[in-house]
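Q: For reference, the structure I am asking about is given below.
The values are calculated or read from the model by the stated rules, or taken from the named source; none is laboratory data. All values derive from a computational prediction rather than experimental measurement. Glycine gets a Cβ as well: all are built from the backbone with ideal geometry, and neighbour counts include every protein chain shown. Calculation scope for accessible area: heavy atoms of the full protein, side chains included, ligands and nucleic acids excluded. Shrake-Rupley method; radii C 1.70, N 1.55, O 1.52, S 1.80 Å.
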Amino acid sequence: QVQLVESGGGLVQAGGSLRLSCAASGRTFSTYSMGWFRQAPGKEREFVAAISWSDGTTYYADSAKGRFTISRDNAKNTAYLQMNSLKPEDTAVYYCAGKRWGSDWYTGAAYNYWGQGTQVTVSS
């Protein structure tokens, strides 16, 4: 069982940066692949980024490529999402998620554990 707690959201102007953190409980964090998803008001949840536990391979949505970076620190049981060059359309609640198995990085249903979410608001 893994519990996930996000932090680092907030209000930022367009062009600014934020770093989201996802702190995980449990001693097996290093064996969980981690993902970030987001959901804007009135829209479906969408994939943002993921990182494999086995070899650290990263995966990004087209909207995140070149601006966002996912990383993890297994010693701290924490995953991160560094977001640069933020745009108003990045405004959403951001969720981190974890899974043990499978190669589906992009579908929320593939993840077993979810955090409560953190609000990111980008003003124009």
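Q: In debye, nearest 20: dipole of the range 22-124 around its Cα centre with unit charges on the Cβ of K, R (+) and D, E (-)?
A: Details: 11 positive and 8 negative charges, 45 e Å.
Magnitude of the dipole: close to 220 debye.
Q: Distance in nm between label sites at residue 116 and residue 73, each 7 Å beyond Cα in the beta-carbon direction?
A: 2.3
Q: Also: Considering only protein heavy atoms and a 1.4 Å probe, what is the carbon-and-sulfur percentage of the accessible area of the chain?
A: With neighbouring chains kept in place, the figure for the chain is 47 percent.
Q: 7 Å from Cα along Cα→Cβ at both residue 82 and residue 62: what's the point-to-point distance in nm?
A: It is 2.6 nm.
Q: Sorted from largest down, what three extents in whole angstroms do the Cα atoms of the range 72-124 have along their principal axes?
A: For the range 72-124, the Cα spread along each principal axis is 39, 27, 20 Å.
Q: Moving on. Please calculate how many Å² of accessible area the range 78-124 carries per residue, with a 1.4 Å probe and no DNA, RNA or ligand atoms counted.
A: 46
Q: Working out 0.36 nm times the residue gap between residue 106 and residue 31, then minus their Cα-Cα distance, what length gain in nm do you get to one decimal?
A: Full extension from residue 106 to residue 31 adds 25.2 nm.
Q: Going by Cα centres, the range 16-46 and the range 58-113 are how many Å apart?
A: One Cα centre to the other: 5 Å.
Q: Moving on. Going out from 0 in 10 Å bins, what whole percent of all Cα-Cα distances in the chain drops into each bin?
A: 15, 50, 30, 5, 0
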